[in-house]
Amino acid sequence: MRFIATLLLIVFFSSKALAGTLSVTVRSTDGKPVQDAVVMVYPGGQPTRGPIAFPWPYRVAQQNIQFTPFVLIVPVGAEVAFPNLDKVRHHVYSFSAGNKFELKLYGHEENRTVRLPTAGVAAIGCNIHDQMVGFIRVVDTAYAAKTDAAGVATISDVPSGSVVARVWHPYLRAMKNEKTLATTSVGNGTTRETMAVELRPQGGH
Amino acid sequence: MFNRLQTKLTVLYAGLFALALSLVAVTVYLAIVGNAQQTVRKELTATGTVFDRVWALRTQRLQDGADLLSRDFGFRAAFATRDAPTVESAITNLRQRLGLDLAFTVSVDGEVIGIDPGQLDLEKLWTALDGETGAQGVFVVNGAPYQIISAPILSPNLTGWIVFAARLDHREMQALERLSAIGLEAQVFDRRGQAWITDSITADTPRLAVFVDTAIRDKAGKPSLLKGKAGESLVLVKPLKSLSSDGAAALVLRYPMALAMAPYRPLMAGVILVGLIGAALVAAASWALSRGLARPIMALDDAARRLQRGETVHVTVQTQDEIGRLADSFNHMATEIRDREAMITHQALHDEETGLPNRRALEREITTRLAQVVPGQHVVVSATGLDRFTFVRSAIGYELATQLITELGARIGLISPETFIGRLTTSTLCVVGTHDDVETTLSRIEAVLTGLEAPIRVRGELVDIHMTVGVATTIPGGPDAPRVIEQSMIALDQARAARRKVMLFDPVAYGDPSGNLSLMSEMLEGVANGALFLNHQPKLDLRSGRITGVEALVRWKHPTRGMMRPDLFVEMAEETGHIRALTDFVLTQAIADQKALRAAGHDVLMSVNVSGRLIDDAEFADRAIDLVAREGARVCFEITETAVIGNPDVALGVLDRLAAAGIPVSIDDYGSGLSSLAYLKQIRADELKIDKAFVLKLEAGGKDALLVKSTVDLAHSLGMKVTAEGVETREALALLQLMGCDLAQGYHVARPMGLEPLTTFLEGWSIDLPGDVEGGALKQA
């Protein structure tokens, strides 16, 4: 397995010369930057074959009765850790199809890991604390990133050629909370794209 | 209708009271209506507020239930994992526990669990649920409005909604109605398209729908009045939140005014009842009052009417007020009018001097009696004339003469109390009686006349009285009152003319006064056409036994009335002035007849009657003298001494001229009438004719014979010849011859006859006179 992954990596790097960068700015309809929007790029419209690894930790901590980070991108099959940094106990669950799990009450400094086998979304909540909501976007592409506070997500080393790019946000008002970008190809250098999305208002919950 | 004072007053008072009561009733009614409306408005508003609260509470309850379920981990797990049977059982459980009508879930994907999606407009519902967290409002499910409560299902993100629905049906509204203090009616209307509809339909629903539409559009938050088929009602429209953006719903609270007015109905009935009783009392009271007021006035009115008809009236005075005084005055006035009328009537019907009933009263009495007589009875009117009244009056004075008449009237009244006595003229009393038989009545009058003529004592002196009575009778349908009185007066004249004491009216003798003038013109025609002619009555010379003269007597054979009595038309001719023409005719004809006789060998003296009225007519004398002289006639003028000579001086002149012309004058009918020695002295006549009244009774001897004898002697002494009239027997002829009478005329000698018979008569005349005429022996006797 590792061999194959290494091989793929070599292939990847070998083709480095034929790659570009996609920078997507996501704004709400009123012009404000939208944070935590996930941009996913599928070169040639195909999911990535072989193992995928992202440079950030696959971890959602519970801190100050919040999930941190709010949105986490992990590859399919990744083991995600749920360390409890609070003094209270939490009961983390996900009813999302394919990524259903339940971590019954566990306390401070305890760590639980859950493997997320299905590409999609795992909406996580705490059965004790209703206000705790987090999302793990399980992707099947290596080219994914989430927007920062300025609403910009930058994905480097995207193989040149035709691509299918999508933007996902937990509150995006669209089917499956996803929208497809207008960009259909990436060349050498940086391709810039801006997208306006409508977000569902989140009040009280 | 209002001709009566009483009615007027009653209607006025009762009407005023009724008007006042009506105003009170209307005011009370308006106040009640206002009050009731106010109460209902308040109640509706209060109920509206209560409804708001109830609605909020229920919403909260449902919301709480929905929230509870939506947070349940197991439910969320089941819902998120699409465990439909578990989800359905969970909501069914909750639905039953909360007593909900409907409970179901809608996923964000539009999947529905717990209800048949065909029963609702899923897209609209989804949009509404998605549009607002915890959306709620009225939504139509399966054609009926429901109150919808929703809660999102977060697991932890939004995966769907749990929806609770309570049906807003009649039952639900009844629960609301029960909360209200007043029995109002609650209905939910919801708009579908343009129409507002409701599940409980009444007759007023269409009207109400329009009303709701207007109220929603105007955002009217206050109750207002709606006029429906079942009467007025106050309606409050409260808009309800609708779940769908294009829908609308409203809660309609309605309260019929009739219901609000119901508690006041006894009060209104009481007011009306009291009003009616009051009006009846006022009507009765004003009727009674006005009757008291109007009764004397009605009595006065009635009395005035009766007074107008001439009845005797007296109004009973009941009160001391103005009406009482008016009645008093009225009674005085009525009495005065009555007295005055009686006086006027008395004056109108009575003679002022004597106090006896006058002619008008007599006429009235006769008319009254005529109306009462039974067949066979007559009303007898006797004009009783006091003879020579003017002499009596000038003798005893007017006053006593009047007293005499009064006394006489009283005397008749005593004798015949059943008669009615009045005064016709100054000297004539009139007695009206009713009798069965006229002849008997006449006899009775004659019988009582003797008693009546007894001297009357006037102021201590006895006065002789003589009376003549003219009687006329009538029957119903006969002559009327004025006519029969006139006839009695004529009868009186006739009686006096005939020198009788009592005489029944002789219509034949009287003829027709109105026809007198025409009779005269007919007489003049008769002169022309020979209807008038002469008959001659021979006069016998008692000394020679020869007929020496004839008296020409006029006769008239009227074409229609036959032979007319000479005294009738001659007298009439005298009265009407036609005597001149008649005398002219007679004279002319007599002269002509004399000529004829002369031609036959008979020379007779023609005696022509000349009315005393013509003696003072110089013109007539001239004409007569002229005629006689021209014809060479031998004529004698017989002057009726009864005729009044108007102008004696002229008359004497005329007689002188007649004498100068050789026309002898004879005094006719001497002894009757106004014969007086002065007359004989005044008129120088050649002949005196003794009235037949004396001659007829000559044979009986006595006074008449003496009178005739002395008259003959008197005449001879004055140089007049004497002719005796009415000689009807040989004995009378003999006596007259003995008395030295010169001529005799009468039936014993000859009746009057026409010219031809006269000629024959004269041819054959011979008489053997009783005395020796030639011898003259008697002449000495």
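Quick note: the coordinates plus some simple rules give every number you see, no bench work behind them. What you see is a predicted model; the values in this text were computed from it and never measured. We place every Cβ from the backbone using ideal geometry, glycine too, and count neighbours over all the protein chains shown.
What the table shows:
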item	result
Options B:Pro223, B:Val138, B:Asn93, ranked by Cα towards positive dipole end of the range B:37-262, top entry (Cβ charges)	B:Pro223
Residues whose placed amide H lies under 5 Å from that of B:Ala248, excluding near-sequence neighbours	B:Arg191
Charge context of B:Leu597, other residues only, Cβ under 15 angstrom, K/R +1, D/E -1	-1
Helix-only mean residue ellipticity at 222 nm for chain B, each DSSP H run of n ≥ 4 adding -39500 (n - 2.57), per residue, nearest 500	-17000 deg cm²/dmol
Whichever aspartates and glutamates have a C-alpha closer than 15 Å to that of A:Lys87, once near sequence neighbours (fewer than 8 apart) are set aside	A:Glu109, A:Glu110
Distance (nanometres) between label positions extended 7 Å along Cα→Cβ at B:Val438 and B:Arg309	4.2
The protein assembly as shown, dipole about Cα centre (Lys/Arg Cβ +1, Asp/Glu Cβ -1), debye to the nearest 20	8920
25 °C / 0.890 mPa s Stokes-Einstein diffusion coefficient of the range B:664-713, Kirkwood radius on C-alpha pairs, µm²/s	216
Prolate/oblate/rounded call for the range B:532-760, Cα gyration tensor, a/c under 1.5 rounded	rounded
Cβ-based charge dipole, chain B, positive-most Cα from B:Ala303, B:Leu168, B:Ala395	B:Leu168
Amide N proximity, the range B:314-329 versus B:Met298 label position 7 Å along Cα-to-Cβ, cut-off under 16 Å	B:316, B:318
Greater than 22 Å apart at Cα, pairs in B:Lys539/B:Lys697; B:Lys219/B:Lys241; A:Lys179/B:Lys124	A:Lys179/B:Lys124
R0 of 45 Å, Cβ-Cβ distance B:Asp686-B:Met563: FRET efficiency to nearest 0.05	0.90
Pairwise FRET efficiency - A:Val164 versus B:Ala84, Cβ, R0 = 25 Å, nearest 0.05	0.15
Full-extension gain in nm, B:Ile277 to B:Arg500, via 0.36 nm per residue minus C-alpha separation	71.0 nm
Cα gyration tensor, chain A - rounded (a/c under 1.5), prolate or oblate	oblate
Interchain or long-range residues, amide H under 5 Å from B:Asp669's placed H	B:Lys689
Karplus (6.51, -1.76, 1.60) ³J(HN,Hα), θ = phi - 60°, over the range B:372-385, in Hz, Gly and Pro reported as x	9, 5, 8, x, x, 8, 10, 9, 9, 10, 10, 7, 9, x
Gain in span if fully extended, B:Ala220 to B:Thr92, counting 0.36 nm per residue against the direct Cα distance	42.1 nm
Whole-Å semi-axes of the ellipsoid equivalent to the range B:354-510 (Cα gyration tensor, √5λ, descending)	26, 16, 14
Percentage relative contact order, the range B:354-510, counting C-alpha pairs under 8 Å, at least six apart	30
Chain B, relative contact order [Cα under 8 Å, separation at least 6], %	7
A:Asn188 versus B:Thr390: modelled label distance in nm, points set 7 Å from Cα along the beta carbon direction	19.4
Mean Cα-pair separation over length for the range B:56-190, i.e. relative contact order, pairs under 8 Å, 6 or more apart, %	24
Long-range HN-HN contacts of B:Glu232 with modeled amide H, under 5 Å	B:Met257, B:Ala258
Positive-pole candidate from B:Gln377, B:Leu208, B:Val54, dipole of the protein assembly as shown, charges at beta carbon	B:Val54
Whole-Hz ³J(HN,Hα) from phi, Karplus 6.51 cos²θ - 1.76 cosθ + 1.60, for the range B:118-127, glycine and proline x	x, 7, 9, 7, 5, 5, 4, 5, 4, 4
